[in-house]
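Take a look at the structure below.
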Amino acid sequence: MSRIISAAAGAMLVLSLGSIDAKAAYNAAAGKAIYDGSCVACHAAGIMGAPKVGLKTAWTSRIPQGMEAMVQKSIKGYQGTKGMMPAKGGNMKLTDAEVGNAVAYMVEQSR
């Protein structure tokens, strides 16, 4: 009986960890420097259809996709009907974590 209870408790823990907001895995404050150095050129002016940071309406269809979807599109690149995002914003020196931090910063500024 105790094994069943332990297994159930373990399963609940795993399920609850999966529901933690992925945003918590990124550091928006650290993302500001990445944004300022690599992302601002397109995301400040909306070049190539980039959603402008701070313009809430530009992000209303993106934020509900979730952080992981937005980060993966930013890492791998994305071609949409209204624009495109080059992989890592064209700066292949960025790590995946740095890209995630920059996305977290932009989302935080655009809610």
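The values are calculated or read from the model by the stated rules, or taken from the named source; none is laboratory data. What you see is a predicted model, and the numbers here were worked out from it, not measured in a lab. Cβ: placed from backbone, ideal geometry, glycine included. Neighbour counts: every protein chain shown.
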query: Somewhere in the range 37-52, is a residue assigned to a loop (DSSP other than H, G, I, E, B), surrounded by 13 or more Cβ atoms within 10 Å (Cβ to Cβ), of a type outside the set (Phe, Trp, Tyr) and under 11 Å from the mean Cα position of the chain (by Cα)?
result: no
field: Residue pairs meeting the criteria (Cβ under 9 Å; at least 6 apart or on separate chains; first within 13 Å of GLY90 (Cβ to Cβ), in the range 36-53; second of a type in the set (Phe, Trp, Tyr) and surrounded by 19 or more Cβ atoms within 10 Å (Cβ to Cβ))
entry: CYS39/TYR105; HIS43/TYR35
- prompt: Looking at ALA33, ALA97, which one is within 12 Å of the chain's Cα centre (by Cα), in a helix (DSSP H, G or I), modelled with pLDDT of 95 or more and hydrophobic (A, V, I, L, M, F, W, C)?
  reply: ALA97
- request: Could you check, for the range 11-28, whether at least one of its residues is in a helix (DSSP H, G or I) and at pLDDT 95 or above?
  value: yes
message: So, in the range 53-111, how many residues would count as being over 14 Å from ILE34 (Cα atoms) and of a type in the set (Val, Ile, Thr)?
response: 4
- prompt: Which pairs do you get when a residue that is among the β-branched types (Val, Ile, Thr), found in the range 70-91, comes within reach of a residue that is at pLDDT 95 or above and exposed (fewer than 15 other Cβ atoms within 10 Å of the Cβ), reach meaning Cβ atoms under 8 angstrom, with the pair 6+ apart or on two chains?
  reply: VAL71/ASP96; ILE75/ASP96
query: Does VAL71 qualify as being touching a His at 6+ places or on another chain (Cβ under 7 Å), among the hydrophobic types (A, V, I, L, M, F, W, C) and surrounded by 15 or more Cβ atoms within 10 Å (Cβ to Cβ)?
result: no
task: Could you list, in sequence order, all residues of the range 53-68 that are surrounded by 12 or more Cβ atoms within 10 Å (Cβ to Cβ), assigned to a loop (DSSP other than H, G, I, E, B), on the phi < 0 side of the Ramachandran plot and not aliphatic (A, V, I, L, M)?
output: THR60, ARG62
